[in-house]
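The values are calculated or read from the model by the stated rules, or taken from the named source; none is laboratory data. Given the structure is predicted, the values throughout are model-derived calculations rather than measurements. Cβ: placed from backbone, ideal geometry, glycine included. Neighbour counts: every protein chain shown.
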Amino acid sequence: MRITFCCADTDAPAWLDALRVAFPQAHVSVWQDGDAPADYAVVWAPPQMFFDQQTGLKAVFNIGAGVDALLEKRISPHTRIVRLDDAGMAVQMAEYVCHALIRHTREFDIHSAHMQAGQWTFREPLPRASFPVGILGMGVLGSRVAKAVAHFEFPVHGWSRSPKSKDGVRCFSGTNELPEFLASTRVLVNLLPLTPETENILNRTTLSQLQPGAYVINVARGRHLVEDDLLHLLASGHLAGATLDVFRTEPLPAAHPFWNHPKITLTPHTAAQTLRDVTIAQIARKLAALEQSQAIEGIVDVHKGY
């Protein structure tokens, strides 16, 4: 068995060592132009040339949560694309969202500014019931975030493409129920996969349907958000602020208006990172199942985009 590794901006030696331990009988190597055909690939942001040459791959294992970049490539229809179920990212995402949510609802930025100005002030606590949290995307990550948010006794709503049922979550689904979901939401968390249908879904029309003074947390993809529309709604006062971890262009350009906006908190696409050992253990389990012609979870439906 030949396994090729083609992951941009990744510590290849550490991954190769761990893959060789997991697959002692396999030939594991970093992909180079002109390499012999491989059976399986572990990838992140591979170039088109990789797929042009590796046309006989049985499966490609993507080490990140989003597969939108892969679906933009020309890949053999015989090659299955396999996404991660979690790989340690769900709990990180829950931490991140809860931090952003609580920082906003407890007004910690205001407290911090007052303290830095030498002002010892108190503010009346805001009731959690007045901050219903709406989660766009109720997959593995969205479900884990919903559970964490509910732990802090916020009302939790969830929206997904198809109907779902989650304990403690008021669930909405489909295009027809999106307006009602938005109208019931004061803190919006985006965890949707990026597809042609969801690109630009956070726009002036949808964000205007949120409750007045709403807050936006985008931890999915930058192309979900129409940036000028966010800025307009912040300026109008309809939106109180935003925490953004992903952007249309990364790294964020130096002259971008987000950098110094007083109502926007930025992080450098770090809300949840792949944990190498957990990921390799998952890949090893799924690859072994594929070799035995067994069904596995996580095979991407290229028509749905996830």
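Values computed for the structure shown
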| quantity | calculated |
| --- | --- |
| Any hit, the stretch 51-70, residues being among the small types (Gly, Ala, Ser) and in a strand (DSSP E or B) | yes |
| All positions within the stretch 144-156 that are closer than 12 Å to Asn190 by Cα and touching a Lys or Arg at 6+ places or on another chain (Cβ under 9 Å) | Ala146 |
| The stretch 234-251, residues that are surrounded by fewer than 17 Cβ atoms within 10 Å (Cβ to Cβ), of a type in the set (A, V, I, L, M, F, W, C) and more than 19 Å from His104 (Cα to Cα) | none |
| Selection status of Ala255, surrounded by fewer than 15 Cβ atoms within 10 Å (Cβ to Cβ), touching a residue at least 24 places away in the same chain (Cβ under 8 Å) and either small (Gly, Ala, Ser) or more than 26 Å from Glu95 (Cβ to Cβ) (or both) | no |
| Residues of the stretch 204-233 satisfying the condition of being charged (D, E, K, R) and either surrounded by 20 or more Cβ atoms within 10 Å (Cβ to Cβ) or farther than 17 Å from Phe181 by Cα (or both) | Arg221, Arg223, Glu227, Asp228, Asp229 |
| Matching residues, the stretch 51-62, being buried (at least 21 other Cβ atoms within 10 Å of the Cβ) and among the β-branched types (Val, Ile, Thr) | Val60 |
| Test result for Arg128, under 29 Å from the mean Cα position of the chain (by Cα), within 13 Å of Ala94 (Cα to Cα) and of a type in the set (D, E, K, R) | no |
| The lone exception for Gln273 - which of (1) over 18 Å from Leu136 (Cβ atoms); (2) modelled with pLDDT of 95 or more it fails | (2) |
| One residue from Ala14, Ala38 being surrounded by 20 or more Cβ atoms within 10 Å (Cβ to Cβ), farther than 20 Å from Tyr306 by Cβ, touching a residue at least 24 places away in the same chain (Cβ under 8 Å) and outside the structural domain of Val189 (by TED's automatic domain parsing) | Ala38 |
| Only listed residue being touching a Lys or Arg at 6+ places or on another chain (Cβ under 7 Å) and either acidic (Asp, Glu) or modelled with pLDDT under 95 (or both), chosen from Val140, Val67 | Val67 |
| Ala281 vs. criteria buried (at least 17 other Cβ atoms within 10 Å of the Cβ) and within 20 Å of Val140 (Cα to Cα) | no |
| Cβ pairs under 6 Å, 6+ apart, first in the stretch 90-114 and free of Cβ contacts under 8 Å to residues at least 60 places away in the same chain and within 30 Å of Val278 (Cα to Cα), second in a helix (DSSP H, G or I) and charged (D, E, K, R) | Ala94/Arg144 |
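One line per residue, one yes/no per condition, for (1) at pLDDT 95 or above; (2) at positive phi; (3) within 25 Å of the chain's Cα centre (by Cα); (4) charged (D, E, K, R):
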residue	(1), (2), (3), (4)
Arg2	yes, no, no, yes
Asp9	no, yes, yes, yes
Pro24	yes, no, no, no
Asp52	yes, no, no, yes
Lys58	yes, no, no, yes
